[in-house]
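Structure first, commentary second.
The values are calculated or read from the model by the stated rules, or taken from the named source; none is laboratory data. These numbers were taken from a predicted model, which means no experiment stands behind them. Positions of Cβ are generated from backbone atoms using ideal geometry, with glycine treated the same way; all protein chains shown enter the neighbour counts. Calculation scope for accessible area: heavy atoms of the full protein, side chains included, ligands and nucleic acids excluded. Shrake-Rupley method; radii C 1.70, N 1.55, O 1.52, S 1.80 Å.
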Amino acid sequence: MTQLITRIGSSVFKVQNICKQSFFYDSALVLLGIFFLSGGTDELAARLPTEIQGEGKRTYRQFIFLFERTTTDGQSETHLYPFYSLYKNKEKAYQFHTFLYPFFQAHGTNYWRKWNFLSIFSGESLYHKKKGADTDLWLTFFFNIGWGEQPEDRYVSFFPIYGKIKDIFGYEIVRYVLFPIYADWSYKDYKAHGILWPIIMWGKSKKRRDFRFLPFYSSLNYEGNYKRRTLLWPLFQWGSIGISQKEPRHYFLFFPVFGYKWSAHKNLKAFSLFLGLFSYGREKITKSTNWTFLWFLFQYGKSEVPGIQKLIIFPFYGYYRFGQSDQSYYRDVLLITPLYFRYRTYSAILDTVSHFVIPFYSGIKRFYHKEREFQYYRKVWPFFQYYKDSQGSFELRVLALWPFPTRQIDKQLGVFYSLFEYRKIPNGDRYLSFLFRLYSVYWNTKDKERHHFFLGFEWHQRPDYWGFEFLGGFFGLHSIIMDDGKRRIIVELLWMDIRRPKGIDPL
């Protein structure tokens, strides 16, 4: 849905961009993209675990719907619902924390760490072998601080009074004093200054020369790339882009009445009327055609290079496809009424197919090529949800009161509305619970081991051992068959063993 909305929204500006390129429209398109893409759900980044994986033997403890802990060789997972959770992986030196999820989460290794509090407060720490460690803290856009072993990693920003920010908006350094009164920014050899931004700006490098004094005149020049001019902005805008290419493109805009775009050898022609109330464009080389009517409400387009097909009758129907199914990358989105949409993407890393009927149904299938692994996730709100993957995991929960598809929130909050829960774990363990985990059983048929949990009481049984506990050892009684065949009894009180044979750990 995010991708389709982004395409629909950005088309409003792309219609204008058929006929011009300008500071105003570029800024608007960037802001629109940030607004919609902030909710994107693609998982194209490298995956890191947030729960125990593998087929090793596990130990499991639980106290109704408030506490849960699972451990195995090199991994542990602890939940104190709904406040806190911690996953640790010693082999990867990785940890994943949550506190009142989704309000706060943090994860990282010995070399990096990231944390986020509702995107209001966030931070990142990195260790570089050559430069040492550096840390960045962000309190929204208004206060930021960074420190590290290198001078360039140290900065403070208190917007809009005074500040210096590193690695933002595509620039290495941004500085300002009483913004927008003064600001400067740089990237490599390019350095620019602004006074009463965006009204006055000038910048230069070996290949770039920029000047802007709005609304009177602006000139942006990038050698071999583009030349852009405005006069009495936004009324008159013209320029050329792709200058070093075989066929440069040129544009002219008389805002808001008429815009025109063409190429040097007439392979490209496009125009728009009244800010895209109606627009048409075609390009012979890519064999592409685009129509819009009533701004973004009706859109049609197709192209062979790259393969694009688009038909949008907003808000009733929409289809957008980029790439071909036989190419290395392919993506399409289908919308039927505002309630149903389908999103598919195929790449060298990940294939995804998602179906949504808002808010009642969510279905997501992912396949990771390198690992040759798949994941299925289904939710029928508010009745049930299930998940399974190629590792052998299977989860089923009734009810499913959270309407959006997210396993993390399902895990953190689901225990409070779980009438029934069943899990199958890759190592063969099983878990079953009823009525908000008032009664649960955890068992392994291979080792004939079984745990029963009821209102804080636990009964643990296997062929050579049985044990009874209350509150995880506040009071307990254990029976162990020793190597000599004799049975020994251990009593626990206040989480301490009163009697235990040496070298024996029943759990």
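To the nearest ten degrees, helix 2-17 and the longest principal axis of the Cα atoms of the chain are 10 degrees apart.
Please report, as a whole percent, how much of the solvent-accessible surface of the chain comes from carbon and sulfur atoms (probe radius 1.4 Å).
After summing per-atom areas, the C and S share lands at 66 percent.
Once C-alpha pairs closer than 8 Å and six or more residues apart are averaged by separation and normalised to the residue number of region 360-507, the relative contact order reads 10 percent.
Tell me the mean residue ellipticity at 222 nm calculated for the chain from its helices only (DSSP H runs of n ≥ 4, each -39500 (n - 2.57), averaged over every residue, nearest 500). It comes out at -2500 deg cm²/dmol, rounded to the nearest 500.
Per residue, the accessible area of the chain comes to 55 Å², computed with a 1.4 Å probe over protein heavy atoms only.
I need the semi-axes of the equivalent ellipsoid of region 104-215: take the C-alpha gyration tensor, multiply each eigenvalue by 5, square-root it, list largest first in whole angstrom.
Numbers: eigenvalues 172, 62, 24 Å².
Value: 29, 18, 11 Å, ordered largest first.
Computed over region 374-507, the P(r) curve from all C-alpha pair distances, binned at 5 Å from the origin, holds 2, 9, 16, 16, 15, 13, 10, 8, 6, 3, 1, 0 percent per bin.
For the charge dipole of region 321-384, defined by +1 on Lys and Arg C-beta atoms and -1 on Asp and Glu C-beta atoms about the Cα centroid, which residue among Tyr346, Tyr361, Trp381 has the Cα displaced farthest towards the positive pole? Selected residue: Trp381.
The angle separating the long axis of helix 23-37 from the principal Cα axis of greatest extent in the chain is about 20 degrees. Our summary gives region 119-234 a relative contact order of 10 percent, counting only alpha carbon pairs under 8 angstrom and 6 or more residues apart. Here, P(r) means the percent of Cα pairs in each 5 Å bin from 0 to the largest distance; for region 395-469 it is 4, 15, 23, 20, 18, 11, 6, 3, 1, 0.
How big is the dipole moment of the chain about its Cα centre under a simple scheme where the beta carbon of each Lys and Arg is +1, that of each Asp and Glu is -1, and everything else is neutral? Debye, nearest 20, please. Display every interim value, and only then the final one.
Numbers: 69 positive and 44 negative charges, 357 e Å.
I would put it at about 1720 debye.
Checking the Cα-Cα distances for Lys266/Lys302; Lys90/Lys114; Lys57/Lys448; Lys90/Lys379 against a 21 Å cut-off, the pairs over it are Lys90/Lys379. Remark: C-alpha extents of region 49-168 on the principal axes read 53, 33, 16 Å, sorted largest to smallest.
Cα centroids of region 437-467 and region 300-340: 53 Å apart.
Tell me the relative contact order for the chain as a rounded percent, counting alpha carbon contacts under 8 Å between residues six or more apart.
Details: 1211 pairs, mean separation 38.1, N = 507.
It comes to 8 percent, rounded to a whole number.
Note on the chain: dipole from Cβ charges, positive end direction compared against Ser272, Tyr442, Thr78; the farthest Cα belongs to Ser272. Which entries of Lys92/Lys131; Lys424/Lys486; Lys164/Lys207; Lys191/Lys284 have Cα-Cα distances beyond 32 Å here? From the list (Lys92/Lys131; Lys424/Lys486; Lys164/Lys207; Lys191/Lys284), the Cα-Cα distance tops 32 Å for Lys424/Lys486; Lys191/Lys284. A 1.4 Å probe, protein heavy atoms only, puts the accessible area of Ser328 near 100 Å².
The reciprocal of the average 1/r between distinct C-alpha atoms defines the Kirkwood hydrodynamic radius, which for the chain equals 27.7 Å.
Counting other Cβ atoms within 10 Å of each Cβ, which trypsin sites (Lys or Arg not before Pro) in region 409-457 have at most 10 and sit in a DSSP loop? Don't skip to the end; give the middle numbers.
Numbers: sites: Lys411, Arg423, Lys424, Arg430, Arg437, Lys446, Lys448, Arg450; in loops: Arg437, Lys446, Lys448.
Hits after loop and neighbour filter: Lys446.
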